[in-house]
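Encoded as structure tokens, the structure appears first; notes follow it.
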Amino acid sequence: MYSDITRYISDAFRYDFNLIVEDFPFYQQLTPKMKTELIRTTFSDFKKKFSHFFDPCQQGFTNEFIINMYTRIFANNTQIVAPGRKFREMYFITKGHVVIYNTLNQGPFIKLPQYSYFGDYQILFDLNTNILFKTKL
């Protein structure tokens, strides 16, 4: 139990990018160029892993998006979003993968690998999901 708690706290400090805006009010006082440099320097590894998402975006959007991200750690075989529910968050998979099931739960039909993301179109169009998302490690 102690090692799990330690890992979760460590991951939160490493991957809760929103700590910059929550704990350090100076960020909002930086110029756009300085914000970009801070994001580029601090989060370059994360940004590279999800370049397929961030590269087409404007820099200001990318900066705001990244600094508002936080970590969620799910145990194996955890249901993330059930069918008929709305997404409240977008998810970026940094470890493990997510398996998608149809509403009849007849087995998985898509596996989202590490460095994938999901929930984007459901949020943008305010849709209820019609599939089940579960974690797999």
Which condition number in (1) at pLDDT 85 or above; (2) surrounded by 11 or more Cβ atoms within 10 Å (Cβ to Cβ); (3) of a type in the set (Lys, Arg) is the one that LYS33 fails?
-> (2)
Qualifying residue in region 60-82 (condition: in contact with a Pro (Cβ under 8 Å, 6 or more places away or on another chain), surrounded by fewer than 16 Cβ atoms within 10 Å (Cβ to Cβ) and outside any loop (DSSP other than H, G, I, E, B)) = yes
Region 56-78 - residue that is at pLDDT below 90 and hydroxyl-bearing (Ser, Thr, Tyr) and, of those, farthest from VAL98 (Cα to Cα) | TYR70
Could you tell me which of the residues LEU127, LEU104 is in contact with a Lys or Arg (Cβ under 8 Å, 6 or more places away or on another chain) and exposed (fewer than 14 other Cβ atoms within 10 Å of the Cβ)?
-> LEU127
Within region 109-125, tally of residues that are among the aliphatic types (A, V, I, L, M) and under 9 Å from PHE87 (Cβ atoms) = 1
Within region 104-134, work out how many residues are out of contact with any Phe, Trp or Tyr (no Cβ under 8 Å at 6 or more places or on another chain), outside any strand (DSSP E or B) and among the aliphatic types (A, V, I, L, M).
-> 2
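The values are calculated or read from the model by the stated rules, or taken from the named source; none is laboratory data. What you see is a predicted model, and the numbers here were worked out from it, not measured in a lab. Because the Cβ atoms are built from the backbone with ideal geometry, glycine has one as well, and the counts that use them run over all protein chains shown.
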